[in-house]
Amino acid sequence: MAGGSESKQEEALGNLMVHFQSYLHGGTSSLLSTLPTLIVFPVYKTVFRQQIHNTSVHKAVAQLYREGPVKLYRGVAPPLVMRTLNGTLLFGLQDTLLRQLPLSSQNVISAKALPALAGFGAGVVEAMVFTPFERVQNVLQNSQNDSRLPSLKSVLLRLKAEGMALGYYRAFLPIAARNAFGSSLYFGLKGPVCVAVAEQGLSPMASSFISGTVISMAVSLTLYPLSVLVANMQAQVGGDVKGVIACWALLWKSRNRSLALLYRGGSMVIVRSCITWGLTTAIYDRQEK
């Protein structure tokens, strides 16, 4: 009896370590792939200005140049922290849900669909945790807030005063939709695409990198309009607060009902996302193996 009890404890400990590894590997791979963010952050900020002000890349760069190097990296801390914690939660929680789904689905759901379903659930939780980070980041990056909200502390206090729904969780619904569908597509396509690429004779590392890049491109192209909507909803604090549908109508009107203008700046975002997720996928798969 004692031997059986010890065996069960060892098995439980082993399962716990397996679960923990997916969180650790997700965080490590995201941290390593995020380091280039420091280099390309000015590019990201240029795209953000295009999303908010609907300007050309030349005007956005000129605006950042006038503001000077001190303000160039204003708002870089939230994405660095968010990206690292994001990978930890996303990969770890998806793996945890994936292990539990076969026990509850009772063969109702196809095994091939389980990674995508687990990714969807992980994306919803991810949105609940990281919407405040994205809100703070977008407020900090909007130059119109510099005078009245000059520091991170002032931003945090103002958002707290606005209340949870209008403050930290502004634009939660489009963020949840974007993250849930994005994570579902990523985890649902990751395995099949990686296998298809590996069949071309590439190494496992190269296969993982290419699969992450291809999937990221598909996800970014599909969901980029939601990111533009979120940026416009979150960049302002106070004023006339509108709902998701009203904000989308205003955004679509401001872009002259043109998809080309709606996707302005999207090419840089997609390239950056492809590189980041390609690295993340390659590093994560390498650690898992």
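The values are calculated or read from the model by the stated rules, or taken from the named source; none is laboratory data. It should be emphasised that the depicted structure is a prediction, and the values quoted were computed from it without experimental measurement. So basically every Cβ, Gly included, is an ideal-geometry build from the backbone, and we count neighbours across all protein chains shown. For the accessible areas, the whole protein counts, side chains as well, though only heavy atoms, and no ligand, DNA or RNA atoms are used. Shrake-Rupley method; radii C 1.70, N 1.55, O 1.52, S 1.80 Å.
Rounded to the nearest 20 debye, the dipole magnitude of segment 108-163 is 100 debye, with +1 charges on Lys and Arg beta carbons, -1 on Asp and Glu beta carbons, and the Cα centre as origin. Counting charges near ALA171 (Lys, Arg +1; Asp, Glu -1) among other residues having Cβ under 14 Å from its Cβ returns a value of +2.
The residue among ILE215, SER203, LEU166 whose Cα reaches farthest toward the positive pole of the charge dipole of segment 79-215, with charges on the beta-carbon of Lys, Arg, Asp and Glu, is LEU166.
Loop-located GluC sites (Glu not before Pro) in segment 123-170 (DSSP state other than H, G, I, E, B) with a sparse environment of at most 11 neighbouring Cβ atoms within 10 Å are absent.
Per-residue packing, averaged as other Cβ atoms within 10 Å, sorts the ranges 65-71, 146-152, 181-187 into the order 181-187, 146-152, 65-71, beginning with the highest. Electrostatic bookkeeping for LEU64 treats Lys and Arg as +1 and Asp and Glu as -1; over the other residues with beta carbon under 13 Å from its beta carbon, the sum is +4. Taking 0.36 nm per residue of separation and subtracting the Cα-Cα distance, full extension of the segment from GLN236 to VAL57 would add 62.3 nm. The label-point distance for LEU72 and SER254, in a model that sets each label 7 Å from Cα toward Cβ, rounds to 2.6 nm.
Each of LEU98, LEU114, LEU202 has its accessible area taken with a 1.4 Å probe; listed largest first, they run LEU202, LEU98, LEU114. Placing a label point 7 Å from the Cα of LYS112 along the Cα-to-Cβ direction, the residues of segment 181-196 with a backbone N closer than 19 Å are 184-196.
Here the contact order of segment 80-216, divided by its residue count and restricted to Cα pairs under 8 Å and six or more residues apart, works out to 28 percent.
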